[in-house]
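Student: I'd like to ask you about the structure that follows.
The values are calculated or read from the model by the stated rules, or taken from the named source; none is laboratory data. What you are looking at is a predicted structure, and each value in this text was computed from that prediction instead of being measured. As a convention, Cβ positions derive from the backbone with ideal geometry for all residues, glycine included, and neighbour counts pool all protein chains shown.
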Amino acid sequence: MTTARGTFTIQLAPSLEELGGGVRRFDFTKTFAGELEGSGEGVMLSVGDPQTGAAGYVAVETVRGRLGGRQGGFALQQFGTMDAGTQTLRYEVVPGSGVGELSGVRGVLRLAIDSDGTHRYELEFDL
C-alpha cells in the first residue's frame, strides 16, 4: 500500500429533500491538493440533528485527477455517524470504479479537520 497525503476544500450546497423531508440531500464539490491532485463531486444524504450531535450520513463521490503519478479517476463511498460527541467516519475507494491509469485502484481514505477548518486526507491505496 502507498499513502498519499494532502488537503481538500469542499463546497456543500443543500439540494432537494428526499423521502418527504425526512432525509436531507446535499450536493458537493471538492478540490484536492497534495499527492492527490484533482477534483471531486458527489451527493450526500443525511438524517438526524447535527446541531445536537446525533446524525448520520452516506455519500458517493467521483474523483478525477492525478494520484501516484497516474491520471484517471475513481469513486469514494462514505459512511458517517455522530452520537454523544463521538464521530465515526469511513471512506473507501469503490471497487471496480477506477478509470484511466487508475483502473484497479483500491484503498481507504482517512480524514482529519484541523481546528482552523483545514480538511486533511490520507489515502492509503494500491494499484
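Student: Among 96, 80, which is part of a loop (DSSP other than H, G, I, E, B) and closer than 23 Å to residue 45 by Cα? Steps first, please.
Tutor: Working: 80 fails: part of a loop (DSSP other than H, G, I, E, B).
On inspection, the qualifying residue turns out to be 96.
Student: Oh, and also: Determine, yes or no, whether residue 96 is farther than 17 Å from residue 5 by Cα and touching an Asp or Glu at 6+ places or on another chain (Cβ under 6 Å).
Tutor: Answer is no for this residue.
Student: Further, regarding this structure: Could you say which residue among 51, 11 is out of contact with any strand residue (DSSP E or B) (no Cβ under 9 Å at 6 or more places or on another chain) and at negative phi? So that I can check it myself, show each step before the final result.
Tutor: Details: 11 fails: out of contact with any strand residue (DSSP E or B) (no Cβ under 9 Å at 6 or more places or on another chain).
After applying the criteria, what remains is 51.
Student: Suppose the filter is in contact with a Gly (Cβ under 6 Å, 6 or more places away or on another chain) and buried (at least 17 other Cβ atoms within 10 Å of the Cβ); does residue 76 pass it? Outline the logic, then answer.
Tutor: On the way: in contact with a Gly (Cβ under 6 Å, 6 or more places away or on another chain): no; buried (at least 17 other Cβ atoms within 10 Å of the Cβ): yes.
The answer is no for residue 76.
Student: What is the number of the single condition among (1) closer than 21 Å to residue 92 by Cβ; (2) without any contact (Cβ under 8 Å) to a residue 12 or more places away in the chain that residue 19 does not meet?
Tutor: In the conditions (1) closer than 21 Å to residue 92 by Cβ; (2) without any contact (Cβ under 8 Å) to a residue 12 or more places away in the chain, residue 19 misses (1) alone.
Student: Condition first: acidic (Asp, Glu), over 14 Å from the mean Cα position of the chain (by Cα) and at pLDDT 95 or above. Now tell me which residues in segment 89-115 satisfy that.
Tutor: Across segment 89-115, the qualifying residue is only 101.
Student: Something else: Out of all the residues in segment 26-39, is one or more within 24 Å of residue 105 (Cβ to Cβ), in contact (Cβ under 8 Å) with a residue 40 or more places away in the chain, among the β-branched types (Val, Ile, Thr) and part of a strand (DSSP E or B)?
Tutor: Among the residues of segment 26-39, not one is within 24 Å of residue 105 (Cβ to Cβ), in contact (Cβ under 8 Å) with a residue 40 or more places away in the chain, among the β-branched types (Val, Ile, Thr) and part of a strand (DSSP E or B), which makes the answer no.
Student: Are any residues in segment 48-77 of a type in the set (Gly, Ala, Ser) and part of a strand (DSSP E or B), and if so, which ones?
Tutor: Going through segment 48-77, the residues of a type in the set (Gly, Ala, Ser) turn out to be 48, 53-56, 59, 65, 68-69, 72-73, 75.
Passing the criteria: 48, 54, 55, 56, 59, 65, 72, 73, 75.
Student: If you don't mind, another one. Just checking, does segment 20-29 include any residue being modelled with pLDDT of 95 or more and closer than 23 Å to residue 127 by Cα?
Tutor: Within segment 20-29, not a single residue is modelled with pLDDT of 95 or more and closer than 23 Å to residue 127 by Cα.
Student: A further question on this structure: Limited to segment 101-127, what total is found for residues that are touching a residue at least 12 places away in the same chain (Cβ under 8 Å) and either exposed (fewer than 14 other Cβ atoms within 10 Å of the Cβ) or part of a loop (DSSP other than H, G, I, E, B) (or both)? Full working, then the answer.
Tutor: Keep residues of segment 101-127 that are touching a residue at least 12 places away in the same chain (Cβ under 8 Å), which gives 101-111, 118-127.
From what's left, either exposed (fewer than 14 other Cβ atoms within 10 Å of the Cβ) or part of a loop (DSSP other than H, G, I, E, B) (or both): 101-105, 118, 126-127.
Within segment 101-127, residues that are touching a residue at least 12 places away in the same chain (Cβ under 8 Å) and either exposed (fewer than 14 other Cβ atoms within 10 Å of the Cβ) or part of a loop (DSSP other than H, G, I, E, B) (or both) number 8.
Student: Only residues that are more than 16 Å from residue 78 (Cα to Cα), part of a strand (DSSP E or B) and in contact with a Lys or Arg (Cβ under 6 Å, 6 or more places away or on another chain): list them for segment 1-25, please.
Tutor: Within segment 1-25, 7, 18 qualify.
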